[in-house]
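One structure is given here, and the rest of the page talks about it.
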Amino acid sequence: MIATIADTIRGRRTIHEFRPGAPPQVVILDAIAHASWAPNHYLTQPWRFYLLGPETVEAICLLNAERVRAGKGERAAEMKLRRWRAIPGWLLLTCQREADEVRCWEDYAACCCAAQNMMLFLWDRGIGVKWTTGEVIRDPRFFEITRIDPARERVVGIFWYGIPAEIPATLRKPPAEFISRLP
């Protein structure tokens, strides 16, 4: 049976546990190409995708473990470090910064649409994703590690990807709970 876009949208889940081994890079690149079809004001295409290699990933993992250690202790840091090191694929999405506040928000929204396009494309190919926006992406050392200029780019998130080890079940509120009609 061929999945419809509705099936893909309803079926996609945030994946927390992945099987070992990264999916083929060609599929990730194809997902990024499809992400670029997201709506964006005046075709600004404000997104920037970074495929993170092992050195960058390790540096981010160590930075995060250091942050966890400072707040929750050694055991928590070691557990987090082990978990992050096991994530098979890492991708970073940023949004170009603009001086105009309205344009900045429009561009950020476009980047979020691009992220959703990418995640839906990957889900359709059997690849799960977790979009994370944890504190580590706001640490000044994160920008040193990634060589991203925070004055020029805003981090939208880190995207962990891989073959799902398990797919969680989730529920959504019925639309009647969040739809309002205005006169």
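The values are calculated or read from the model by the stated rules, or taken from the named source; none is laboratory data. Since this is a predicted model, take the numbers as computed values, not measurements. A quick note on method: Cβ atoms are made from the backbone with ideal geometry, for glycine too, and the neighbour counts reach across all protein chains shown.
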Checklist outcome for this item: Per the filter on the range 24-66, residues assigned to a loop (DSSP other than H, G, I, E, B) and more than 16 Å from the chain's Cα centre (by Cα) are P24, W37, P39, N40, T44, Q45
Checklist outcome for this item: Pairs returned, first residue in the range 33-52 that is among the aliphatic types (A, V, I, L, M), second residue that is surrounded by fewer than 13 Cβ atoms within 10 Å (Cβ to Cβ) and not in a loop (DSSP other than H, G, I, E, B), beta-carbon separation under 9 angstrom, 6 or more apart or interchain, are L51/Q25; L51/L29
Next on the checklist: If the requirement is being at pLDDT below 95 and either in contact with a Gly (Cβ under 7 Å, 6 or more places away or on another chain) or closer than 25 Å to R97 by Cβ (or both), which of these qualifies: H41, H34?
Outcome noted: H41
Item to check | Selection from the range 86-104 of residues that are exposed (fewer than 13 other Cβ atoms within 10 Å of the Cβ) and of a type outside the set (A, V, I, L, M) | outcome: D100, E101
Item to check | Tally of residues being within 30 Å of R19 (Cβ to Cβ) and either among the hydroxyl-bearing types (S, T, Y) or without any contact (Cβ under 8 Å) to a residue 60 or more places away in the chain (or both) across the range 139-154 | outcome: 1
Item to check | Check on W90, in contact (Cβ under 8 Å) with a residue 12 or more places away in the chain, among the aromatic types (F, W, Y) and either at positive phi or not in a strand (DSSP E or B) (or both) | outcome: no
Next on the checklist: Quick check on this structure: which one of V26, V68 is over 24 Å from E144 (Cβ atoms) and at pLDDT 95 or above?
Outcome noted: V26
Next on the checklist: Taking the criterion of being farther than 17 Å from W47 by Cβ, in contact (Cβ under 8 Å) with a residue 24 or more places away in the chain and of a type in the set (G, A, S), would at least one residue in the range 155-167 satisfy it?
Outcome noted: yes
Item to check | the range 1-55 - residue that is surrounded by 12 or more Cβ atoms within 10 Å (Cβ to Cβ) and of a type in the set (D, E) and, of those, farthest from M119 (Cα to Cα) | outcome: E17
Checklist entry - Out of the residues in the range 158-183 that are hydrophobic (A, V, I, L, M, F, W, C) and surrounded by 10 or more Cβ atoms within 10 Å (Cβ to Cβ), which is farthest from P88 (Cα to Cα)? => result I167
